[in-house]
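Bear in mind these aren't lab numbers, they're just calculated from the coordinates by the rules spelled out. Keep in mind that this is a model prediction, so the values were computed, not measured. Neighbour counts are summed over all protein chains in view; Cβ atoms, including those assigned to glycine, are modelled from backbone coordinates with ideal geometry.
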Amino acid sequence: MSRRLPALIAAVALVLASCGGGSSTTTTTVVARFTADAPNPGQGTIAILQDSTNGASVTLRITVTEVTNFFGAAFRITYDPNALLFGGWDTSSSFLSEGSSNNILFSEDHTTIGGTVVVVATRLSPALPVNVTTTSTLVKINFIARKPIAAGATEGRLDFGDPKQVCDGTVAAPGCNPIVVSWFGGGLSAK
């Protein structure tokens, strides 16, 4: 056996060298995308829209469209944690910061309730509501596909769960004079 081992090693080395020197590995990159339930949101809506993608990672915009006297919002985004991983959030492009970067509260919690991101985005002074005249970004959130997800599959759904509310600027936080809006989520797919 000891005489055969060097010959076996030499034979394996010869085969590897003739095949290009080693094993070749083909990798495929997972590509994720988000399909919004309301890709062109109308007046009085809160909607999730795709911002950008990078492989399995999708950055989404929580948008507000044509809401007068927008003061703040509190809502939950539900998702399947077996299929999606919450990757973080960004408030730097929020329309709430326009004209007043002070007295704004942004808060998120994705650990207390599994499969739920709880978001609060509000001004703290009721004298400073915002008239949102176009589709504008409230916050951005990021999700990463943990596995392939077929388009339209339930496991890729991102929805606004209850409770959810939008407040006008007539009552100081934590009070709320609600504004009625329509809420639209969507689905993430990855292949």
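So what's Rg/Rh here for the range 20-178, counting alpha carbon atoms and using the Kirkwood radius for Rh?
1.07
Given R₀ = 35 Å, FRET efficiency for Ser97-Ala153 by Cβ-Cβ distance, to 0.05? Provide the component values of the computation, followed by the final result.
Details: r = 36 Å, r/R0 = 1.02.
It comes to 0.45.
If each residue of separation counts as 0.36 nm, what is the full-extension length gain between Lys191 and Thr116 once their alpha-carbon separation is subtracted?
24.6 nm
Return the percentage of antiparallel bridges among DSSP beta bridges fully within the range 29-190, rounded to the nearest 5 %.
Working: 55 of 58 bridges.
Here the antiparallel bridges make up roughly 95 percent for the range 29-190.
Among the lysines, which have Cα under 19 Å from the Cα of Lys191 when same-chain residues fewer than 8 positions away are ignored?
Leaving aside lysines fewer than 8 places away in the same chain, those within reach of Lys191 are Lys147.
Give the long-range amide H neighbours of Asp51: residues separated by 5 or more places, or on another chain, with amide H under 5 Å away, using H modelled in the peptide plane at 1.01 Å from N.
Sorted by chain and number, the residues that satisfy this are Thr59, Leu60, Arg61.
Pop the C-beta distance of Asn177 and Asp109 into the FRET formula with R0 = 30 Å and round what comes out to the nearest 0.05.
Computed FRET efficiency for Asn177 and Asp109: 0.80.
So if I take the centroid of the Cα atoms in the range 168-191 and the same for the range 100-155, what is the distance between those two points in Å?
After rounding, the separation between the Cα centres reads 9 Å.
Could you list the GluC sites (Glu not before Pro) in the range 30-125 that lie in coil according to DSSP, counting only those with at most 16 other Cβ atoms within 10 Å of their Cβ?
Those satisfying the criteria are Glu98.
Once you keep just the Cα pairs under 8 angstrom separated by 6 or more residues, what percentage relative contact order results for the range 29-190?
On the way: 437 pairs, mean separation 55.8, N = 162.
Dividing the mean separation by the residue count of the range 29-190 yields 34 percent.
Per 0.36 nm of contour for each residue apart, how much would the distance between Gln165 and Leu128 grow if the chain were fully extended, relative to their Cα-Cα spacing? Let's see the in-between values first.
Numbers: separation 37, 0.36 × 37 = 13.32 nm, distance 1.81 nm.
Extra length from Gln165 to Leu128 when fully extended: 11.5 nm.
Lysines near Lys164 by alpha-carbon distance under 16 Å, same-chain residues fewer than 8 away left out - which ones?
Partners within reach: none.
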